[in-house]
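The next block holds one structure in the form of C-alpha cells; read it before the comments.
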Amino acid sequence: MNWFRQTFHRMGSPPYFYRGARKWITGLYIVGLALLVVGTIWGIGFTPADRLQGDSFRIIYFHVPTAHLSQLIYIAVAVAGFVFLVWRMKMADVFMVSAIWLGAWLTAFALFSGIVWGIPTWGTGWVWDARTTSVLVQLFLFIGLIALRGAIPNSQRAALAVSVLAIVGVLNIPIIKYSVDWFTTLHQPASIQIGEPIAIDLAMLWPLLINSLGLYAVAAGVILSHMRIHVLRRERDSEWVAKSLLTK
Amino acid sequence: MVNTTNAKKLLTISNLNVEVADKVLFPNLSLQVREGELVEIHGANGVGKSTLLRYIIGTRRSPNGTLIRVSDDVVYVGQKSGLNPTLTPLENLRWFTQITGSKRTPKELMGALMQVGLGSFMRTPTGALSAGQIRRCGLAKLVVSDAKLWVLDEPLTSLDASATEWLREAISEHRNKNGAVICATHASLGLPAATTLQLGEL
Amino acid sequence: MGGYAVYVWPVVGLAVLLVIGVTVIPSLLHRRLIKEIRETRDLAA
Amino acid sequence: MNGFISSFQRTARLTARHPLDAAHAVAFFIIVTSLISVTVDNATTSGNRDAFVIAIMWVVVLLATMLGCAAAYSQDYEDGSLELLVAHQRPLFPSVLGSMMGLWFFSTLPILLCVPLGAWMLTLSTSVWWMLLLTLLAGSIVFTLFGVLGAVLTLGIGRNGVLMALLVLPLYVPVLLLGVGACQRYANGETFEFALASLFAIAVALVTFVPFAIAALLRVSQEY
C-alpha cells in the first residue's frame, strides 16, 4: 500500500504530474488508437451482418462504448468533486474541468449514434424510452456543469460550485433512471420493439471489446493532456515551469 | 485601562497564511488579542486586511495555521452593511440580535438607534437612507451586541465628525468593560494604547 | 456491404472526427500556452 | 448612426468575451422543449386530452416556481446579510429550511392556488383537479428546493436566470415524470398509487438532503 500512497501524494504535486503525464499520454494514445483501428475494421468489415438488423447493427460498436464511458466519466467527475470538497485537492479540480468537456462530447455522440441506429431499427430516430431519456438528461447535466464552470471567474469558487452540482447530479442519476424507467413503461406502442437483449455472437463481441478498450485508453490520454494544460496555466509563474521551459 | 498582560486572551492566531485566489498575501501571521486591547491593522489596498478579518469572524477557513477564538461572541461590521434595504433599521437590528442570540427588548433597540443618531429614521426603509446613515445603522450593531470582540472593517468610511467621535467613545467604553477591538483602517483612530499590525511591506 | 450500411458511415465518420478533435485540440492548446508563457517571460526579462 | 454602430459593436464584443452565455438561452429552449415532449408523449399515444393538459400544467408550474426562486439569497449576498448569517449561525441548516419554507409559502403556494384557474381555462375534467393539485403540492416543494440550490450556485455571478435554469432543469426530471405519470394514470383510470407514493417519498428525501447542500454552498459563497 505504501507505493500507492506515495503515487497518490505525488500526483497532487504539479511538477511531478506535468512531467510524468507526458509518457503516459503518448502510450495511451498509441495503444488506444491502434485498438480503435483494429476494432473498427474488424467490426465493419469482418463480422457477419445481423440476421434481423442487417449491417446497421454495426453502429453499436461505436454507440455502446461511448455511452458507457460517458456515464463512467460523470461518476468520476462527482467522485473528484467529493475529493475536492473534503480535501481541497487542486488536482481533483483540474480533473473535473478536463473531464466535463470530454464527457459532454461523448454523451452527445452516444445520442447521435443512437438516433442513427434507431432510424432503420425502430423506424424512428427518437423514442422517449428509458435509455434515450436518461442519456439526454445526462447531456443536460454535463451542459449545466460546463456552463457553471464557465460563468464563475474565481477558479476556487467555481470548483466548489461544480463539485456540489456534480454530487447532487450523480445522486440524482439513479432516481432519474428509476423514474424514467417507470414512466416510459406506461406507453409502449406495439409498432416499436425496443431492444430485447440480442444474443450476441462471440464473433460480434470481440470488436466491441476492442473498441471499448481503445476508447477508454484514448479518453484517459485526452483527459491527462487537458490536465497538463490546466496545470501549466495555473503554475505559469512558478519556478519549475521556468526550468522545464528553458531546458527544452 | 485594564492591565493587558494579565488580561484574558480573546483571540490567538499562529502561523496563519492569508491567502486570496491561491496567492499567499501574508505568510505566517501570528497575533494575540487580550481583553481591553485595540488592534489596528494597517496596510495598502489589496494586502489582505479584509481577508484577515474574514478569517477572524470565521467565514473563511484556512488550510494551515491555527486560529483560536475563546468564545463565539464576535460582532463584525464590514464593508457591506449587512442591512436589507427593504427593511427598516429597527427591523434589521432585530434580525441581527435574533441571529446572534443577544436578547434585546424593542426599547433597547430603539435606544441604540437613537445613540447613533437615527432616531427619526428608524422606521424608514434602510435603502432610502444616505451612505453615512447606513454606516451609522451598521455601527448600531455594536451597541446591541453582547460580544466581547469587535471586528471592524474601515469603520470610518463615510462617517462625519460627530459619528467618528461617537465611535471613538464607544470603542473606549467597550475597552473599559474588558472588551477588545480589531480594526482594519487606513487612518489611525488616534486612541491611546493601540497596538498596530502593519500588513505588507514593513 | 449493402442494405442498411448507409447508416453506418455517418456514425463512423463522426467518430473519426471526434477522436481527431479531442486528441489534436489539447496538443494545439498546449503549444499555444507554452508560446504565450515564453513570450511573457521574454517581455519580463 | 454612430450610436447604432457603437452599441452594436459593444454588444458583439461583450458576447465574444463570454461566448457560452449566448448558448445558454439555446440550451434552455432545448431542455424545456424536451421536458414538454417527454411528458406530452404519453398523452399523444393514449389520446386522452386530460393527460395532455396535465403535462402542460405541470411544466408551466415548474417554470413559474423555478423563476420565483431565481433571486433567493441574492439580496442577502449583495448587502452582506449572508456574511453575518454564515458567521453567526452554526449550523446553518435550520435557517436555510426556514427561509425555504417562507419562500414556498409566499411565492410558490400562490401559484398552486391559481392552478384551478388554469385547469378551468384548459378545460381539464373536474374529476382530475384534486389529483393535479395533490401531485403539484409535492412537486412544487421539490421545485422550490432545487430552485434555491440553483440560485445559490449562481450567487454573485450577476447573470440572468437562464444559467440557473440550465443547472436546475435536469434535476427536475424525476419528480416531473413521477408527478405527471401519477396524474395521467389517474385520468386514464389506471393504478396510480405506486407513483404517488414514490413521488412523496422522493419529495421527503429531498427535503432532508437538499438544504444541507444549500447550507454548504452558502458557506462556500463567503469563502473566497
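The values are calculated or read from the model by the stated rules, or taken from the named source; none is laboratory data. A quick note: this is a predicted structure, and the numbers were derived from the prediction, not measured. So basically every Cβ, Gly included, is an ideal-geometry build from the backbone, and we count neighbours across all protein chains shown.
Scanning the stretch D:181-216 for residues that are crowded, with 24+ Cβ neighbours inside 10 Å and at the interface with chain A (Cβ under 8 Å from one of its Cβ atoms) returns D:181, D:184, D:195.
Here are some residues: D:41, D:50. Which one is assigned to a helix (DSSP H, G or I), touching a residue at least 24 places away in the same chain (Cβ under 8 Å) and acidic (Asp, Glu)? Full working, then the answer.
On the way: D:41 fails: touching a residue at least 24 places away in the same chain (Cβ under 8 Å).
Going through D:41, D:50 in turn, the sole match is D:50.
Scanning the stretch A:156-170 for residues that are more than 7 Å from every other protein chain (Cβ to nearest Cβ) and either touching a Lys or Arg at 6+ places or on another chain (Cβ under 6 Å) or without any contact (Cβ under 8 Å) to a residue 12 or more places away in the chain (or both) gives A:158, A:162. On the basis of being among the small types (Gly, Ala, Ser) and outside any helix (DSSP H, G or I), does residue D:71 make the cut? Yes, satisfied. Residues in the stretch B:52-93 that are surrounded by fewer than 20 Cβ atoms within 10 Å (Cβ to Cβ) and over 18 Å from the mean Cα position of the chain (by Cα): B:61, B:62, B:63, B:64, B:65, B:66, B:84, B:85, B:86, B:87, B:91.
When we screen A:87, A:117 for residues that are surrounded by 21 or more Cβ atoms within 10 Å (Cβ to Cβ), of a type in the set (Phe, Trp, Tyr) and either without any contact (Cβ under 8 Å) to a residue 24 or more places away in the chain or within 25 Å of residue C:17 (Cα to Cα) (or both), the only hit is A:117.
Among residues of the stretch D:149-180 being facing chain A (nearest Cβ under 8 Å) and surrounded by fewer than 23 Cβ atoms within 10 Å (Cβ to Cβ), the one that is nearest to the chain's Cα centre (by Cα) is D:159.
What about residue D:151, is it in contact (Cβ under 8 Å) with a residue 12 or more places away in the chain and under 25 Å from residue A:164 (Cα atoms)? Here the answer is yes, as residue D:151 does meet what is asked.
Set side by side, the residues D:42, D:48, D:2 differ, and just one is crowded, with 20+ Cβ neighbours inside 10 Å and either over 24 Å from residue D:157 (Cα atoms) or modelled with pLDDT of 90 or more (or both), which is D:42. Exactly one residue out of B:124, B:97, B:88 is hydroxyl-bearing (Ser, Thr, Tyr), in contact with a Leu (Cβ under 8 Å, 6 or more places away or on another chain) and modelled with pLDDT of 90 or more: that is B:97.
Being within 14 Å of another protein chain (Cβ to nearest Cβ) and at positive phi is a condition met by at least one residue of the stretch B:148-164.
Where helices (runs of 4 or more DSSP H) fall entirely within the stretch D:80-129, those with at least 1 residues that are surrounded by 12 or more Cβ atoms within 10 Å (Cβ to Cβ) and more than 14 Å from chain B (Cβ to nearest Cβ) are at D:93-103, D:109-121.
Select, from A:107, A:121, A:132, A:66, the only residue that is within 12 Å of chain C (Cβ to nearest Cβ), among the hydroxyl-bearing types (Ser, Thr, Tyr), under 19 Å from residue A:174 (Cα atoms) and touching a Leu at 6+ places or on another chain (Cβ under 9 Å). Please lay out each step first, then the result.
Numbers: A:121 fails: under 19 Å from residue A:174 (Cα atoms); A:132 fails: within 12 Å of chain C (Cβ to nearest Cβ); A:66 fails: under 19 Å from residue A:174 (Cα atoms).
One residue alone meets the criteria, A:107.
The set of residues from the stretch B:8-32 being surrounded by 15 or more Cβ atoms within 10 Å (Cβ to Cβ) and either over 21 Å from residue B:174 (Cβ atoms) or within 11 Å of chain D (Cβ to nearest Cβ) (or both) comprises B:16, B:17, B:18, B:19, B:20, B:25, B:26, B:29. Of the residues making up the stretch B:33-51, one or more are farther than 30 Å from residue A:84 by Cα, out of contact with any strand residue (DSSP E or B) (no Cβ under 8 Å at 6 or more places or on another chain) and surrounded by fewer than 14 Cβ atoms within 10 Å (Cβ to Cβ).
Restricting attention to the stretch D:1-34 and to residues that are polar (S, T, N, Q) and within 14 Å of chain A (Cβ to nearest Cβ), the residue that is farthest from residue A:144 (Cα to Cα) turns out to be D:15. Within the stretch A:145-155, identify whether any single residue is outside any helix (DSSP H, G or I), within 7 Å of another protein chain (Cβ to nearest Cβ) and more than 16 Å from the chain's Cα centre (by Cα), and answer yes or no. Among the residues of the stretch A:145-155, at least one is outside any helix (DSSP H, G or I), within 7 Å of another protein chain (Cβ to nearest Cβ) and more than 16 Å from the chain's Cα centre (by Cα), which makes the answer yes. Residues in the stretch B:66-86 that are more than 7 Å from every other protein chain (Cβ to nearest Cβ) and touching a Ser or Thr at 6+ places or on another chain (Cβ under 6 Å): B:66, B:68, B:75.
Could we say that residue D:140 is buried (at least 24 other Cβ atoms within 10 Å of the Cβ), assigned to a helix (DSSP H, G or I) and among the polar types (S, T, N, Q) here? The answer is yes for residue D:140.
With respect to residue D:53, determine if the residue is hydrophobic (A, V, I, L, M, F, W, C), in contact with a Phe, Trp or Tyr (Cβ under 8 Å, 6 or more places away or on another chain), more than 14 Å from every other protein chain (Cβ to nearest Cβ) and surrounded by 15 or more Cβ atoms within 10 Å (Cβ to Cβ). Steps first, please.
Numbers: hydrophobic (A, V, I, L, M, F, W, C): yes; in contact with a Phe, Trp or Tyr (Cβ under 8 Å, 6 or more places away or on another chain): no; more than 14 Å from every other protein chain (Cβ to nearest Cβ): yes; surrounded by 15 or more Cβ atoms within 10 Å (Cβ to Cβ): yes.
Here the answer is no, as residue D:53 does not meet what is asked.
Of all the residues in the stretch A:135-144, those that are farther than 26 Å from residue A:88 by Cα and at the interface with another protein chain (Cβ under 7 Å from one of its Cβ atoms) number 3.
Could you list, in sequence order, all residues of the stretch B:78-98 that are part of a helix (DSSP H, G or I) and free of Cβ contacts under 8 Å to residues at least 24 places away in the same chain? Full working, then the answer.
Initially, the stretch B:78-98 is screened for residues part of a helix (DSSP H, G or I), giving B:89-98.
Those that are part of a helix (DSSP H, G or I) and free of Cβ contacts under 8 Å to residues at least 24 places away in the same chain: B:91, B:94, B:95, B:98.
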